[in-house]
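Here the structure comes first, spelled out in C-alpha cells, and everything after it is commentary.
The values are calculated or read from the model by the stated rules, or taken from the named source; none is laboratory data. Note that the structure is a prediction, hence the values are computed from the model and not measured. Positions of Cβ are generated from backbone atoms using ideal geometry, with glycine treated the same way; all protein chains shown enter the neighbour counts. Areas reflect the complete protein model, heavy atoms only, side chains present, ligands, DNA and RNA absent. Shrake-Rupley method; radii C 1.70, N 1.55, O 1.52, S 1.80 Å.
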Amino acid sequence: MIKDKVKKIYKAKVKNVEKVSISAYLIKIELPQAVEVKAGQFISIYCKGLTLRRPFSVFSSKDNEIGVLFKERGEGTNYIKSLKSGDLIDIIGPLGNGFDIKNKKSLIIGAGIGAAPMAFLKSKTDELNIESLFAAGFLNKDEIPSVITPDKIYTDDGSYGESGSILNYLGVLINTYNPEIIYVCGPYIVLKTVANTALKYSVECQVAMEKVMACSIGVCRGCVIDIKKDNKVINASVCKDGPVFLGSEVVWQ
Ligand SMILES: Cc1cc2nc3c(=O)[nH]c(=O)nc-3n(C[C@H](O)[C@H](O)[C@H](O)COP(=O)(O)OP(=O)(O)OC[C@H]3O[C@@H](n4cnc5c(N)ncnc54)[C@H](O)[C@@H]3O)c2cc1C
Ligand code: FES
C-alpha cells in the first residue's frame, strides 16, 4: 500500500501559470511520465514553507501534462500563483476515486471553481460520445474562467448568461433536459441541493465532496464524512474513499 502511494509522488516541472479570471489561475505542470487521470481525481501540491500539502482537482490531463485551475485563497495558492516556468514542484497524485462515468444522458453541474473538474468530466463524456450538458454557475461575469466553455452559464448577479443562482434552475434543467444521471461539484450547499433534487426526481447523482485535507492519502482521518452503507452510517474519507460519492449515500448536514 505504502509502495503504491510512494509511486504517485512526482517532481513536476511548471510549464506556465496564467490568470484566467478575476480570481482564478491555471497552472500547467509536466510530470516525468504520462499518467492516467480520471475526471474528479485530484493532486496534492507541496507548497514551500507550509507543512500541509494543498489538494486541487485535475482540470486537464494529456500525456504527462496536468492542468489545475485554482482560486487564490491563502498562503498555498499564493505560492502556486507565484511559480514560474521551469520551477520544480512536488506533487502527489492522481488521488481519489474520480467520477464513475456511465453511458447515460448526463447533466454536468459545476459551481464556482467547482466547474474546473466538471469541464474535465465534460471533455471525457465528449470523448466517449455520451450525450451531456455542462451547466455552470458563477457569482458574476468576472469570475468565469476564460478556459471554461459550459453549454449553459448562470451568474448570481445576472452579468452573464441566465440571471440568478444555478440552484434556482435545477428543476427546469431536469425537466427540459431529462438527464439519466447528474454529476456535480461546487460548494457544500450546491452539492446538497443538487443531490436532494436528484433524489426527488429519481435521477442518479454523483457528487464531488470537498473537505480541508491534511495528508490527502487516507492516513490522518482528518477528512471523514458520514455516509450510509447497508442501512448503517459509517465514516468515509473524502481523500481516499472519495472525493466522489453517490448523492444518495452522503449524510447531509
Ligand atoms: C478534493 C479537493 C479538490 C479541490 N479542488 C480545487 C480546485 O480545483 N481549485 C481550487 O481553487 N480549489 C480546490 N480545492 C480547495 C483548495 O484545496 C483550497 O482552496 C486550498 O487548499 C487553499 O489553500 P491556501 O493555503 O491558499 O489557503 P488557506 O490559507 O489554507 O485557507 C484560506 C481560506 O481557504 C479556505 N480553505 C482551505 N482549504 C479549503 C478547502 N479544502 N475547501 C474550501 N475552503 C478551503 C480556508 O478555510 C480559508 O478560509 C479543492 C479541495 C479539495 C479537498
Ligand atoms: S486528509 Fe488524511 S485521511 Fe483524508
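Structure values in brief
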{"item": "Filtered residues of region 5-41 (kept if assigned to a loop (DSSP other than H, G, I, E, B) and either closer than 16 Å to Asp63 by Cα or outside the structural domain of Ser85 (by TED's automatic domain parsing) (or both))", "result": "Lys8, Leu31, Pro32, Gln33, Ala34, Val35, Glu36, Val37, Lys38, Ala39, Gln41"}
{"item": "Residue count, region 16-33 (criterion: of a type in the set (A, V, I, L, M) and open to solvent by 70 Å² or more (accessible area, probe 1.4 Å))", "result": "1"}
{"item": "Residues within region 152-203 that are over 25 Å from Pro243 (Cα atoms) and among the small types (Gly, Ala, Ser), tallied", "result": "6"}
{"item": "Qualifying positions in region 200-224 - farther than 30 Å from Asn178 by Cβ and either under 21 Å from the mean Cα position of the chain (by Cα) or more than 14 Å from ligand 2 (Cβ to nearest atom) (or both)", "result": "Lys211, Val212, Met213, Ala214, Cys215, Ser216, Ile217, Gly218, Arg221, Gly222, Cys223, Val224"}
{"item": "Strands (runs of 3 or more DSSP E) wholly inside region 170-253 containing at least 1 residues that are open to solvent by 20 Å² or more (accessible area, probe 1.4 Å) and over 22 Å from Met118 (Cα atoms)", "result": "224-229, 232-237"}
{"item": "Residue that is over 27 Å from Arg53 (Cβ atoms), away from ligand 1 (no atom under 16 Å from the Cβ) and within 15 Å of the chain's Cα centre (by Cα), where the choices are Ile174, Ile182", "result": "Ile182"}
{"item": "Residues satisfying the stated conditions in region 115-140, i.e. under 26 Å from Asp157 (Cβ atoms), over 15 Å from the mean Cα position of the chain (by Cα) and of a type in the set (Gly, Ala, Ser)", "result": "none"}
{"item": "Breaking point among (1) among the aromatic types (Phe, Trp, Tyr); (2) more than 14 Å from ligand 2 (Cβ to nearest atom); (3) free of Cβ contacts under 8 Å to residues at least 60 places away in the same chain, for Phe245", "result": "(2)"}
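Okay, residues lined up against (1) closer than 25 Å to Ser202 by Cα; (2) of a type in the set (Val, Ile, Thr); (3) within 16 Å of ligand 1 (Cβ to nearest atom):
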position: Gly76; (1), (2), (3): no, no, yes
position: Gly86; (1), (2), (3): no, no, no
position: Asn103; (1), (2), (3): yes, no, no
position: Lys141; (1), (2), (3): no, no, no
position: Ile144; (1), (2), (3): no, yes, yes
position: Thr149; (1), (2), (3): no, yes, no
position: Thr155; (1), (2), (3): no, yes, no
